[in-house]
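Notes for the one structure printed next.
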Amino acid sequence: MTDTPTEQPPVTNTRSVVGLAACAVIALVGIFLIPTLQEPSGGLNVRFWTMVALELLAMVGVVYFVLNLHEEPE
């Protein structure tokens, strides 16, 4: 009996790791925009939907990059 594995483990996709980091930054920007919703200037509706769009973009990006996080070894 040998202790050497016969299969190579999946390789981490660097592009997905960078994408996850970028999505985290986008989500944090959206969270820090919440206090701007309390300012009286501008339309509340526009600022709210801008923040929702940023958070939705980050969520879709995280799902995409997590699903593509590992590559099969050649």
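Restricting attention to region 8-25, the residues that are open to solvent by less than 50 Å² (accessible area, probe 1.4 Å) and not in a helix (DSSP H, G or I) add up to 1. Every listed requirement among (1) modelled with pLDDT under 85; (2) open to solvent by less than 80 Å² (accessible area, probe 1.4 Å); (3) of a type in the set (A, V, I, L, M, F, W, C) is met by LEU44 save one, (2).
The values are calculated or read from the model by the stated rules, or taken from the named source; none is laboratory data. What you are looking at is a predicted structure, and each value in this text was computed from that prediction instead of being measured. Just so you know, the surface numbers come from the protein's heavy atoms only, side chains and all, with ligands and any DNA or RNA stripped out. Shrake-Rupley method; radii C 1.70, N 1.55, O 1.52, S 1.80 Å.
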